Amino acid sequence: MSEPILSVESVHVSYGRVQAVRDVSFDVPEGGLVALVGANGAGKSSVLAAVSGLVRPASGRILLEGRDVTRWPAHRRVGAGLVLVPEGRQILGTLTVAENLRLGAQRRRRQAAPESEMYELFPVLAERRDLPASALSGGEQQMLAIARAMIAKPRVVLLDEPSMGLAPKMCDEVFAVIEQIRASGVTVVLVEQNARRALRAADTGHVLETGAIAHGGPASELLQDPRVVKAYLGVE
Amino acid sequence: MLQQLANGVFTGSIYALFAIGFTLVFGILRHLNLAHPAVFTAGAFVGIEVATRTAIPVWILFPVVAVFGALAGVLVERIAFRPLRGRDDEHFAGLISSVALGGVVIALLQARYGTEPQSFPREYFPNQLFEIAGIRVTLTQLVTLGLALVLMLGLAWLVSATSLGRAMRAVAENPTAAQVVGVNVGWVTAGTYAMSSALGTVAGALLALNLGQAGRDLGASIELVGFAVIILGGLGSLWGAMAAGVILGLAEALTITYFDSTWKGLVAFALLFAVLVLRPRGLFGHVKVREV
């Protein structure tokens, strides 16, 4: 097996005295889809914050394609192709849809896809390209947040709760887009509260409990694991 | 009458130039940089010293002053604001530390130049008089107005149409989101301060050129009117600062014509008071609720 494209090695994250992430390690193979699931406040988003450079881990290492990026600022990681689609979308509402996309491409000008490619992928954005992004609906904003990451032609995309707060139909669309992303060969790390759905889409899954990985393994096995079913999946 | 209006526009353009530098930093970073008047004063002194020592022509002098201002701006951010980043009271603490830094800058100027006002060399700039449509204007006034216009329009273009401007607007709205998409927030912050202080020092040197000299109270003399301009225009609004600068310049000129120069401060602040009562966000400001 080849070297993983992204490795998280015994990462700890603390906010003041609160330990949000304890000794989390996992590998992400190139082209894979790894899901991190768990209850609210289990530390899933904190793991992504550490991987994307928004918080600095108290200890541990993050390797991207074998390079230690633990001390790199967030913008430099974006430049290397490690791009986050943050929780709550965080689109820039005062900028237009097109400006949001250009902003996403700015740090990776050489690799970036042309804007038109994103409009083909997300036709709804094409119609609204000159509107302020705040005028989009929640689902459209999520599409913009994903498009803003994908225009950079990332090596690894980190998706933080992409289906949060969306209507069921929009959720389906978001998961369809995630399938498309991985079909295009881009590596995905997916954080989701909708554990069943995330594990069905993923090859590998990790279950976080109070900041640490409690279970991990092939997603199909986790879906059958009675402990995981009982705690996170419930009865279908 | 026309003559007074023209004079008002010239003074107003300096007010506007002072104010857009200050309002730019507030608009993008939510910092109230109260060292700005001191940097403005430093620009005047540096302009005079460079002109005296090198006798370089005026169109080289202003770029030199602007470069000095840009460096000073980066230092102001590093010294007065960067160390406080991430604190709960970061904005208020920065306001206080920038007042202190402004005091230090004025003291340094006094140490270097003494307490006497400094003057541009005589005949440094040919103060030619023109008459346009019955209005007498000096070459200095024309240069002031032209430079102010070019700088203000240039800044407005930069913010609205360049990739740096786009990154600045992203930081203004949501620094974390800007970071996520790959904006180097530290660099945008430094760049914003550099531009702000470059505008401030050029405004200072322009005012000194108009007066022929500068004292260490040059910044203090424009400070209050400058802040009135910023609030009148709407904090953070570039177009507002430009318009309000000219409005206050005109108001002052008209006061001097119809009343007496002792009334001019009163008119500026009466105008400010009226605007705050009738339209608290300023003439061009828009209410923006900050994300938590």
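No value in this document is a laboratory result; all are computed from the given coordinates. Fair warning: this is a prediction, and the values are worked out from it, not measured in the lab. Note: ideal-geometry Cβ built from the backbone for every residue, glycine included; neighbour counts use all protein chains shown.
Please list, ordered by chain and number, the residues whose modelled amide H lies under 5 Å from the amide H of A:ALA20; skip anything fewer than 5 residues away on the same chain.
A:VAL13, A:SER14, A:TYR15
Given R₀ = 45 Å, FRET efficiency for B:THR54-A:SER116 by Cβ-Cβ distance, to 0.05? Write down the numbers at each step before the final one.
Numbers: r = 53 Å, r/R0 = 1.17.
Using R0 = 45 Å, I get an efficiency of 0.30.
Calculate how large, on average over all directions, the projected area of the Cα convex hull of the protein assembly as shown is; give the answer in nm² to one decimal.
Spelled out: convex hull of the Cα atoms, projected over all directions, averaged, 29.1 nm².
7 Å from Cα along Cα→Cβ at both A:ARG200 and B:LEU84: what's the point-to-point distance in nm?
Placing both labels 7 Å along Cα→Cβ, they lie 5.3 nm apart.
Kirkwood Rh over alpha-carbon pairs of chain B, then Stokes-Einstein at 37 °C and 0.692 mPa s: what D in µm² s⁻¹, rounded to an integer? Numbers along the way, then the final one.
Values: Rh = 19.4 Å.
Value of D from the Cα-based Kirkwood radius: 169 µm²/s.
Take B:LEU5, project a point 7 Å from its Cα along the Cβ direction, then tell me which residues of the range B:250-286 have their backbone nitrogen under 18 Å from it.
B:250-259
Taking only C-alpha pairs under 8 Å that are 6+ residues apart, what is the relative contact order of chain A in percent?
Relative contact order comes out at 26 percent.
Would you mind checking the tilt of helix A:138-150 against the longest principal axis of the Cα atoms of chain A, expressed as 0 to 90 degrees and rounded to 10?
90 degrees
Return the average number of partner chain Cβ atoms within 10 angstrom of each residue Cβ along peptide B:172-179.
The mean count of partner-chain Cβ atoms within 10 Å per residue comes to 6.
How many angstrom lie between the C-alpha centres of the range B:146-208 and the range A:4-62?
35 Å
Across the range B:137-246, what fraction of all alpha-carbon pairs, as a whole percent, falls in each successive 5 Å bin from zero upward?
2, 10, 16, 21, 19, 14, 9, 5, 2, 1, 0
Hey, any idea what the orientation-averaged projected area of the convex hull of the range B:162-204's Cα atoms comes to, in nm²? Working shown, then result.
Numbers: hull surface 12.1 nm².
For the range B:162-204, the mean projected area of the Cα convex hull comes to 3.0 nm².
Ranked highest first by the average count of other Cβ atoms within 10 Å around their residues, in what order do A:53-63, A:101-111 fall?
A:101-111, A:53-63
How much length is gained if the chain between A:GLU209 and A:ASP68 is pulled fully straight, taking 0.36 nm per residue apart and subtracting their Cα-Cα distance, in nm to one decimal? Walk me through the intermediate numbers first.
Working: separation 141, 0.36 × 141 = 50.76 nm, distance 2.64 nm.
Residue separation times 0.36 nm, minus the Cα-Cα distance, leaves 48.1 nm.
Please give, to one decimal in nm, the separation of the simple spin-label points placed at A:ALA126 and A:SER184, each 7 Å out from Cα toward the Cβ.
1.5 nm
Which residues in the range A:40-83 place their backbone N less than 19 Å from a point set 7 Å from the Cα of A:ARG17 along the Cα-to-Cβ direction?
Once the point is set 7 Å along Cα→Cβ of A:ARG17, A:58 turn out to lie under 19 Å by backbone N, inside the range A:40-83.
Given a Förster distance of 60 Å, report the FRET efficiency between B:ALA270 and A:GLU30 from their Cβ-Cβ distance, rounded to the nearest 0.05.
After rounding, the FRET efficiency stands at 0.30.
Which ³J(HN,Hα) values in Hz, rounded to whole numbers, follow from the phi angles of the range A:48-57 under the Karplus curve 6.51 cos²θ - 1.76 cosθ + 1.60, where θ = phi - 60° and Gly and Pro get x?
3J(HN,Hα) across the range A:48-57, in whole Hz: 5, 4, 5, 5, 7, x, 6, 10, 9, x.
Each residue of the range B:122-136 in order: what ³J(HN,Hα) in whole Hz does its phi give by Karplus 6.51 cos²θ - 1.76 cosθ + 1.60, θ = phi - 60°, with x for Gly and Pro?
In residue order, the calculated couplings are 4, 6, 5, 10, x, 8, 5, 9, 10, 10, 10, 6, x, 9, 8 Hz.
What is the percent of Cα-Cα separations in chain A that go past 25 Å?
39 percent
How tilted is helix B:264-278 with respect to the longest principal axis of chain B? Cα atoms for both, answer in degrees (0 to 90, nearest 10).
Computed tilt is about 30 degrees.
Pull up the DSSP beta bridges for the protein assembly as shown and report the antiparallel fraction as a percent, rounded to 5.
Rounded to the nearest five, the antiparallel share is 60 percent.
Which angle between 0 and 90 degrees, to the nearest 10, do you get for helix B:58-76 versus the longest principal axis of chain B when only C-alpha atoms count?
Long axis of B:58-76 versus the principal axis of chain B: about 30 degrees.
Give me the dipole magnitude in Debye, nearest 20, for the range A:6-233 about the Cα centre, with unit charges on the beta carbon: positive for Lys and Arg, negative for Asp and Glu.
Details: 27 positive and 24 negative charges, 137 e Å.
The dipole of the range A:6-233 has a size of about 660 debye.
Specify, per residue and in Å³, the volume enclosed by the convex hull of the alpha carbon atoms belonging to the range A:25-163.
118 Å³
Note down the nm distance, to one decimal, between modelled labels 7 Å out along Cα→Cβ at A:SER2 and at B:LEU108.
5.4 nm
Add -39500 (n - 2.57) for each DSSP H run of 4 or more in the protein assembly as shown, then divide by its residues: what number comes out at 222 nm, to the nearest 500 deg cm²/dmol? Provide the component values of the computation, followed by the final result.
Working: 20 runs with 288 residues, N = 528.
The helix contribution divided over the protein assembly as shown gives -17500 deg cm²/dmol.
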